[in-house]
Amino acid sequence: REAVGVGGAEALGVSLGLLSEENFLRLAEAGVQSPEFTALCAQLVAELRALCPLEEDVSPTSGPEDAETFQIELSGLLQELHCPYAALTTGDVTARLGSAHLCLQLLCR
């Protein structure tokens, strides 16, 4: 199976190494409650920031208690990027990543 490389995640305090398909799905299932999921998202945003100037940023979380702040930061970023997926940009901010499907949509689209 193909692995998804996540170089530099160690700088975020979470060692993700290479993500197998199973681990990628596991992170999506854990969602915003998981520091590893938020670290992956933060790493991807850092890579985007290296390619284009962005005002918004997201920070990895240290635990489930930080999930709401992460989701608010992510909401601002998705608005800045003009995300076309209504499920990720409208409605209750804390419900937008409430399923593995929505987390995969965020990571893969």
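The values are calculated or read from the model by the stated rules, or taken from the named source; none is laboratory data. All figures in this text were calculated on a predicted structure; none of them were measured in a lab. Glycine also receives a Cβ, built like all others from the backbone with ideal geometry; neighbour counts cover every protein chain displayed.
Quick look at the values:
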{"read-out": "Count of residues meeting criterion [touching a Ser or Thr at 6+ places or on another chain (Cβ under 7 Å), modelled with pLDDT under 95 and closer than 15 Å to CYS103 by Cβ] in the stretch 1-34", "value": "1"}
{"read-out": "Residues of the stretch 51-92 that turn out to be of a type outside the set (Ser, Thr, Tyr), farther than 19 Å from PRO35 by Cβ and out of contact with any Phe, Trp or Tyr (no Cβ under 9 Å at 6 or more places or on another chain), as a count", "value": "18"}
{"read-out": "Unique residue being at pLDDT 95 or above, surrounded by fewer than 20 Cβ atoms within 10 Å (Cβ to Cβ) and of a type outside the set (Val, Ile, Thr) when the list is LEU78, LEU51", "value": "LEU78"}
{"read-out": "Whichever residue in the stretch 76-93 is small (Gly, Ala, Ser) and within 16 Å of ARG109 (Cβ to Cβ) and, among such residues, is farthest from the chain's Cα centre (by Cα)", "value": "ALA86"}
{"read-out": "Enumeration of residues in the stretch 43-87 that are under 17 Å from ALA30 (Cα atoms) and hydrophobic (A, V, I, L, M, F, W, C)", "value": "ALA67, PHE70, LEU74"}
{"read-out": "The stretch 26-69, residues that are polar (S, T, N, Q), closer than 20 Å to LEU104 by Cβ and part of a helix (DSSP H, G or I)", "value": "GLN33, THR38, GLN43"}
